[in-house]
Amino acid sequence: MKQTLSAPSVKWLFRLRAIGGVIGAGMALWILSGLNAPSEIRPWPYVLDAAIVLLVGGLIVKDRFTRRDLKRVEVDDGFLYVSEYAGPSQAAIPLNDIVSVTQWRGRTLRPVSVYLRSPSTFGTRIRFQPKRGWGWAITEDSVVGELRKRANLPKNPNA
C-alpha cells in the first residue's frame, strides 16, 4: 500500500512568501521615499530602492526555481514513486537504488533530498517537501529515518 511522503501542495507556501516580500518591499520603498528631502537631492534613497526591488525580485525567482524542483513522492515496501505536482508521468524507483537521504534543517522550507545510484526519469537527486508534522526545525523529519530504514541505509549518514 502506497504511503504519501510529500506535502500535498507547496504552491501556497511560495505564494505567501512572494506576497509578503512584495508588501515588505512596498513598505520599505514608501518609508525610503519619505526620507528624501525635497530641498536637497540625495542619490542614496534611489540606490536603496533599486536594491530592494532587485533583492525581492531575485528571491521570488529563486523560490520559483525551488518550487519547480520539488516532487510528489510516495513509497511502498519495494519502490519509491516520484511524479511532478502538475504532470501525469510517474517513475517507480527501487528502494535499493537509494544511496543516501538528507534534509535541509532550520528553515521554513525543509526539503528532503534522496540520492540515487543510477539516474531515473527525474535525475539522480529527488527533492520533496515532507508533510508537516510536529517537531523542531533543527531536527530531521521522521520521513528521513523511515526512508533510510526502508532502503537499508545506516541511521547516521556520516557513519
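Close contacts from the range 53-69, counting a first residue that is within 12 Å of Arg127 (Cα to Cα) and a second that is of a type outside the set (Asp, Glu) and assigned to a helix (DSSP H, G or I), with Cβ to Cβ under 9 Å and a gap of 6+ residues or different chains, come to Thr66/Phe14; Arg67/Lys11; Arg67/Leu13; Arg67/Phe14.
Here Asp97 does not fit the description of being surrounded by fewer than 18 Cβ atoms within 10 Å (Cβ to Cβ), in contact (Cβ under 8 Å) with a residue 60 or more places away in the chain and either in contact with a Ser or Thr (Cβ under 8 Å, 6 or more places away or on another chain) or at negative phi (or both).
Please verify whether Ser83 is surrounded by 15 or more Cβ atoms within 10 Å (Cβ to Cβ), within 27 Å of Arg150 (Cβ to Cβ) and among the small types (Gly, Ala, Ser), treating the condition exactly as stated.
When the stated conditions are applied, Ser83 passes them.
Yes/no per residue for (1) assigned by TED's automatic domain parsing to the domain that holds Phe122; (2) modelled with pLDDT of 85 or more; (3) out of contact with any Asp or Glu (no Cβ under 9 Å at 6 or more places or on another chain):
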{"site": "Leu32", "(1), (2), (3)": "no, no, no"}
{"site": "Pro38", "(1), (2), (3)": "no, no, yes"}
{"site": "Leu48", "(1), (2), (3)": "no, no, yes"}
{"site": "Val56", "(1), (2), (3)": "no, yes, yes"}
{"site": "Arg64", "(1), (2), (3)": "no, no, yes"}
{"site": "Gly78", "(1), (2), (3)": "yes, yes, yes"}
{"site": "Ser83", "(1), (2), (3)": "yes, yes, no"}
{"site": "Ala86", "(1), (2), (3)": "yes, no, yes"}
{"site": "Ile93", "(1), (2), (3)": "yes, yes, yes"}
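Among the residues making up the range 52-93, those that are aliphatic (A, V, I, L, M) and under 19 Å from Ser6 (Cβ atoms) are Leu70, Val73, Val75, Leu80, Val82, Ala86, Ala91, Ala92, Ile93. For the range 1-16, the set of residues classified as surrounded by 15 or more Cβ atoms within 10 Å (Cβ to Cβ) and either closer than 15 Å to Glu84 by Cβ or at pLDDT 80 or above (or both) consists of Leu5, Ser6, Ala7, Val10, listed by residue number.
The values are calculated or read from the model by the stated rules, or taken from the named source; none is laboratory data. Everything numeric here is computed off the predicted structure, so don't read it as measured data. FYI the Cβ positions are ideal-geometry reconstructions off the backbone, even for glycines, and counts take in every protein chain you see.
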